[in-house]
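The values are calculated or read from the model by the stated rules, or taken from the named source; none is laboratory data. Just so it is clear, the structure is predicted and the values come from calculations on it, not from any experiment. No Cβ is skipped: glycine too gets one built from the backbone with ideal geometry, and neighbour counts run over all protein chains shown.
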Amino acid sequence: MNIRQLQYFIAVADALSFSQAAKQVYVTPPALSQQIAALEKQLEVSLFIRSKHSIKLTVIGAVMLKEARAIIARVEEARQVVKQATAYNGGNLNIVVSGTFYTKFLPEMLRHFSSTGANINIDISKLDWTGLIRLLEHEKPDIVFTLAYGLQNFPSLTYKTLYTDKLVLVVHCDHPLAKQSSISVSNLSSLPLLATKFSKHSEDFCLTSNLCRKHGHIPNLIGYYPNFDSLLFAVESNKGVTICGRSGIEAAAYKNLHCIDIESPETNLDLVVAWQKDTSNPFVPLFLGQLDIVVH
């Protein structure tokens with residue numbers, strides 16, 4: 001199936017006549033009929049009911065017509081976006097990332113995006129969740145990679161989920177709990193939790209705190225560390241345990257740490273890409289289109 005076949009199909013569906021449609025797409029009726037037959041064979045369905053003097057869409061044909069129109073519209077939209085983007089003699093794309101999950105795909109994404117030939121300068125900033133929220137209160141970055149938590153407070157943003165992470169308990173591999181694969185929320189109450197300096201305003205902490213409160217206790221925080229790396233180093237030194245997204249631990253690649261699932265459906269973390277609804281930057285839709293290719 002290709003774009004030309006879809007255009008031919010739409011023409012025939014609109015005209016309900018092979019001869020009239022053939023004139024519109026500048027091919028002979030037999031050639032047009034062959035293309036429609038090839039499309040039906042590829043789809044393994046009948047798109048039209050044919051008689052000697054008329055044709056009409058089948059039920060499946062009507063469904064296909066709607067999808068074909070959507071595909072052609074999307075292709076044209078993509079053409080316009082690329083045309084507009086390549087017409088710029090240089091441009092800028094401001095990307096802000098929060099957390100560590102983006103390391104799974106962002107480097108590959110940027111390499112892929114560079115290969116499109118877009119003449120663009122990409123500026124990437126890394127912020128903790130507190131810094132990101134402060135930034136969003138005063139500025140409008142083009143692209144944001146973060147967790148969905150809290151983004152509902154910024155109606156100017158729209159976002160979509162890239163994948164879902166899970167909160168896990170992180171302990172040293174020699175910790176007594178390291179042999180467990182999971183732990184209940186109630187059993188978190190007595191554990192000596194470590195956190196980053198700004199954890200009280202982080203997405204991980206907010207989700208953890210809300211989860212614990214629903215089960216009648218608050219996290220037992222005993223120490224704070226200036227950043228995520230120093231926090232994991234402290235856990236690896238067996239000074240306590242922490243709670244964070246599993247992907248963050250995988251990205252950090254600490255060999256002596258063990259992740260334990262928390263037994264609750266409320267531990268899901270939606271990792272998203274967000275952008276301004278009213279963006280006028282032509283490189284934003286171009287970037288998002290390339291992101292779909294890399295992530296999916």
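A search for C-beta distances below 8 Å between a residue of segment 252-279 that is under 27 Å from N92 (Cα atoms) and any residue that is among the basic types (K, R) and part of a strand (DSSP E or B), counting only pairs 6+ apart in sequence or on different chains, returns V272/K160; V273/K160.
Scanning segment 1-16 for residues that are assigned to a loop (DSSP other than H, G, I, E, B) and modelled with pLDDT of 90 or more returns a single hit, L16.
Every residue, every condition in (1) crowded, with 18+ Cβ neighbours inside 10 Å; (2) under 20 Å from S264 (Cβ atoms); (3) touching a residue at least 12 places away in the same chain (Cβ under 8 Å); (4) not charged (D, E, K, R), yes or no:
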site: T146; (1), (2), (3), (4): yes, no, yes, yes
site: K160; (1), (2), (3), (4): no, no, yes, no
site: D165; (1), (2), (3), (4): yes, yes, yes, no
site: C173; (1), (2), (3), (4): no, no, yes, yes
site: Q180; (1), (2), (3), (4): no, yes, yes, yes
site: S190; (1), (2), (3), (4): no, yes, yes, yes
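If the condition is being within 15 Å of R69 (Cβ to Cβ), among the small types (G, A, S) and touching a residue at least 24 places away in the same chain (Cβ under 8 Å), then segment 5-41 contributes only A13.
Scanning segment 49-74 for residues that are touching a residue at least 24 places away in the same chain (Cβ under 8 Å) and within 19 Å of I3 (Cα to Cα) yields G61, M64, L65, A68, R69, I71, I72.
Going by the conditions given, is N119 of a type in the set (S, T, N, Q) and at pLDDT 80 or above? No. Comparison of S98, S125 shows that the only residue that is loosely packed, with under 15 Cβ neighbours inside 10 Å, under 30 Å from T267 (Cβ atoms) and at pLDDT 75 or above is S125.
Annotation: of all residues in segment 239-263 being out of contact with any Ser or Thr (no Cβ under 8 Å at 6 or more places or on another chain) and assigned to a loop (DSSP other than H, G, I, E, B), the one that is nearest to V185 (Cα to Cα) is G240.
Put simply, of K179, K166 the only residue that is touching a Leu at 6+ places or on another chain (Cβ under 7 Å) and among the basic types (K, R) is K166.
Here's the yes/no breakdown for (1) assigned to a helix (DSSP H, G or I); (2) aromatic (F, W, Y); (3) out of contact with any Phe, Trp or Tyr (no Cβ under 6 Å at 6 or more places or on another chain):
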{"position": "A21", "(1), (2), (3)": "yes, no, yes"}
{"position": "Q24", "(1), (2), (3)": "yes, no, yes"}
{"position": "L32", "(1), (2), (3)": "yes, no, no"}
{"position": "Q35", "(1), (2), (3)": "yes, no, no"}
{"position": "Q42", "(1), (2), (3)": "yes, no, yes"}
{"position": "K52", "(1), (2), (3)": "no, no, yes"}
{"position": "I60", "(1), (2), (3)": "yes, no, yes"}
{"position": "I71", "(1), (2), (3)": "yes, no, yes"}
{"position": "R74", "(1), (2), (3)": "yes, no, yes"}
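Take the residues in segment 195-238 that are part of a helix (DSSP H, G or I) and of a type in the set (D, E, K, R), then tell me which one is modelled with the lowest pLDDT. If we take residues in segment 195-238 being part of a helix (DSSP H, G or I) and of a type in the set (D, E, K, R), then K200 is modelled with the lowest pLDDT.
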